[in-house]
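Below is one structure, written out as structure tokens, with a few remarks after it.
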């Protein structure tokens, strides 16, 4: 076997040589050549030029050669669709081969070739393979349906493949069942409202049977699917739990965690006095502990999930504190998570141990970890009252070490302890004051100032201390400035005679010399209070404060319930609801709505309908709410054009559509107004896009929930994704849309502003910008003037930023402001621009750099859209 | 599901990519490089990295980052487990999992990856099945292949892939039928300054090497199965029988595999085989310090402690160590700041001691952190938990196999604080 050298590669010569070898008559030489081609493909080199020669090697009896050619085809078919057609015949033939391995291989490969023309030919062989006598072929075909759906969802639905796939859930072979479940789950994710995985007791039984016999990966798919089921009563719930429990002893940690999810969820339905409930609780602890002896990456995910589990059911792990003790060589991300869980498990029973550990950690090397450990000591004091004294003395010990960041963290947490237990530990103030000078972090400074102000009457030299801070007032951060203002006012109210001068000084600093509105306002309020009614001022400023709560960082209960339903997923790692994962997948925000299940868990499960997906209305509603939330939360300030008429009633049997496009919080939306100008009610709306330059496609079905009565108008916001098929349009931003209702299908086209495609992370690093700017060839540069804009460079830059055009740098040359800007498009293309602004001259000159001509054209139209819209 | 895989070496070179769906530009790895830079140490790179459009889930093995790209909600543990499987398969095929071996066998690697996932769904991950589909490279075979023109890809449907026992291939034949089991226990422990156990637990595994013909059905039983309350089994083990009878009944895979792993938790009393008396101190002035470590046997159940190694992670300011050891050799690496004392066999009559002075960077303040000691050791013929195999029975085949059980105890993450 010739050793393939992948480091040295001479493109022109080598390809020529390979071409000759591929066309050789000798089988062995051919195979070696294909191997070489694959080798260079693997390391990312472009060998697409050899396409016809490689495809010629496909018709062979040699299985290895065939596989290699298939590998190559999958990689390059997309760039050479016309050539790929040549391969279709062989595929179709292979799908009929007597050897099931070849049948499966052919159907598997065809599904990986993401070329429309090929997918058309795929349907018939796929249909046959789904009903093949050999389970190996059936299970491969099941996955192929998911592939095809990813390429062309409509085709899959029209061909009825989804129904066939559903039938496979009842297949006699467990592997086929598992793959069918996996494929359906994946398809369901992009079809939030479809009732694909319609679970009923019969299917559940099928799944549980298959669970015992399929591979570990299949078990994960099945368990995750089971977790979406809502049992009818506690008896069914218990019987499912009983059949899932053995999975807790599986060697694959993903299986274990998925089983934990099912159990944690179904357990909610069991009455707590049931013996089985207690047994189950006991069974959950050991597997969770075992996960912590696995590799660090697994530990990390496990710990994030355990963090949720201990919040929901602290009793499971309450005796297992020790396994969370941090080891010297744990990676930092594991250390921090363990610490977090230790505090959650801290109780009167184990606090001595925990404190001893935390003190140990506070002397470690890693600064982040040490800080968190010190904070944790404070949290223990607040959580377990009996331990407060010990915690405070531990903190004092740590302050004595004089390690700068330890002291600062300690002071921050001691402030919280003072707030939790007023008038108990003030004796330590003297020690704290000694360290005043070493504090250089705003949070620590603010905490210390708060302490001095709060206990001014006990600190003899409080005025001196505060005065010393006042010297550099303007250099302090806002947090410290605000604290200082309040502290001095408190001091004044407590010792009015000696501190009059000081308070006047700080009030004037805050109100006259500061341009921070918060500081100014607070200053004025104090000033008014003090000058009009000192008694009232005392009542306000020195009012008794509410005690701080025990644990401030608990996850809010409804979110926690939802996250428990998502144990083992990314949502559980980030402790955010799945709806927060907007990017990445179409329609994830609608996913299976476990929030509703969470809500149903505690209350009356019997009232919940058995079918989960049966509430499309709710799905849409929540989706809209979410979108709105995104829009309000992150106002990008992007310009939204007023709606224009896209489809006129006379051309569309009474349906009139006007609309516009907007980008809100990173989501592209198409805002539509549908008006019914006909005499009869319209229903069954649906929308589809033709292929377009940037692959815009609806992220979900259009939600028109009520029928549209005559003369009624309805506004719909349709989130769009960028994952549709791509075809260059003329002009580039042209979009052809088909809207269907119960009457007919109507077509229209509209143009979207290109600024829609500018993504939020389009700010290029300065260095990269400089380097890229230089590399852009002159041909790709365009220059033009923008007239009659009366904005200065900063305002212009801000406005542009609202549309995700980011200013990287600015410089002023001979009275001209030069702005250097970058834009990134959803498909990853960067556009760089230089904008020259003559101060006082309303005409801008803009130079743009592009990588190719298509972008140039595109950028032209962008600029027109952007600036005319101002 | 799993969308793409990138392999990146320690220097940050991306040397292999594989896409199971549409191609994702390798620029997505920029987010990984950013995280990698931030983490400083390669071990500290967070396993899950969020980017605007994708998630990067990575593991770090043998100086290689396996970075997978996912686009939809996928259980991260599923991805991590799969990546481990990939690394293990490379190890299995090429003897080691390194950049060089991967590059040398790039076509096989590509074939394997193609076989392991289909559209992001795991396809064949069992080493038995893979080896039937794609034969591992051997010098002999590659020679034979070049001469006879035969290939290294299987021509038949792998038999295991569809049967109810996918882990075993059919028609296994041996002249010497043998079944060996290794009970390996690792003690994870933290001892504090005074030698008190802060935390100790045992991670045990039973590794098997089974070379038996046909379809043997084995039953392994223990003298004291009660010790095991937290176990994970290889998929071949019949869980029902374990639950009801506390015996391990299984049809074994062919060759080497891990039969089960178990965990004896901190709540049980764990025997600690050695004690460490240590004193490491730094003086306020003079830029120096002292070190004095003695190791002695504690609960060894009458066995000898071997391969004893003490590792000390010194603070950064320690420049050199001038020590003398009564037994074994020591070495201080001023770059990594690791002091390694290789003791060897522990002699209870004459306890090994290491002592002397440490010199610090002049002018540097006294180090704040306490160094931590890591202990490595090995005890043959002993499972420290007391676990004992009672007997191994074979059904379903007529021949009489050779059987054997070995015990060994090692230190896992065994740490002594100072």
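Laboratory data are not the source of any read-out in this text; all were calculated from the coordinates shown. Bear in mind that the values here come from a model prediction, so they are computed numbers and not experimental data. Every residue, glycine among them, receives a Cβ derived from its backbone with ideal geometry; neighbour counts consider all protein chains shown.
Take every pair of alpha-carbon atoms less than 8 Å apart whose residues are at least six positions apart; their mean separation over the length of chain B yields a relative contact order of 14 percent. For residue A:93 and residue A:405, the difference between the fully extended length at 0.36 nm per residue and the C-alpha to C-alpha distance is 105.2 nm.
Its residue count N fixes a reference of 2.2 N^0.38 Å for chain B, and the Cα radius of gyration divided by that reference is 1.17. By the count of other C-beta atoms within 10 Å, a proxy for reagent exposure, A:340, A:224, A:475 are ordered fewest to most as A:475, A:340, A:224.
Please give the FRET efficiency for residue B:351 paired with residue A:282, using the beta carbon to beta carbon distance and R0 = 25 Å, rounded to the nearest 0.05. Computed FRET efficiency for residue B:351 and residue A:282: 0.05. For residue B:62 and residue B:34, a Förster radius of 22 Å and the Cβ-Cβ distance give a FRET efficiency of 0.45, rounded to the nearest 0.05. Computed from Cα positions, the angle between helix A:234-244 and the longest principal axis of chain A comes to roughly 70 degrees. Simple spin-label estimate for residue A:560 and residue A:319 gives 2.3 nm between the two label positions (7 Å along the Cα-to-Cβ direction from each Cα).
Within the listed set B:256, B:128, B:279, the residue fluctuating most in the Gaussian network model of chain B (springs between alpha-carbon atoms under 10 angstrom) is B:279. Which part of segment A:788-812 falls in the paramagnetic zone of residue A:838, meaning amide N under 20 Å from the point 7 Å along Cα-to-beta-carbon? Residues A:788-797, A:811-812 fall inside that zone.
Ordered by the count of other Cβ atoms within 10 Å of each Cβ, fewest first, A:58, A:679 give A:679, A:58.
In segment A:462-545, Cα pairs under 8 Å separated by at least six residues give a relative contact order of 27 percent. Placing a pseudo-label 7 Å from each Cα along the Cα-to-Cβ vector at residue A:812 and residue B:170 gives an inter-label distance of 8.5 nm. On full extension, the segment bounded by residue A:202 and residue A:713 gains 179.5 nm, given 0.36 nm per residue less the C-alpha separation.
Rounded to the nearest 0.05, what FRET efficiency is calculated for residue A:751 and residue A:778 with R0 set to 30 Å and r the Cβ-Cβ distance?
0.50
Full extension of the chain segment joining residue B:410 with residue B:397 gains 1.1 nm, where the gain is 0.36 nm per residue of separation less the Cα-Cα distance. With contacts defined as alpha carbon pairs under 8 Å and 6 or more residues apart, what's the relative contact order of chain A in percent? Across chain A, relative contact order equals 6 percent. Between helix B:76-94 and chain B there is an angle of about 80 degrees, using the helix long axis and the longest principal axis of the Cα atoms. Which angle between 0 and 90 degrees, to the nearest 10, do you get for helix A:11-22 versus the longest principal axis of chain A when only C-alpha atoms count? For helix A:11-22, the angle is close to 40 degrees. Between residue A:154 and residue B:283, the distance separating the two model label sites (each 7 Å from Cα on the Cα→Cβ line) works out to 8.6 nm.
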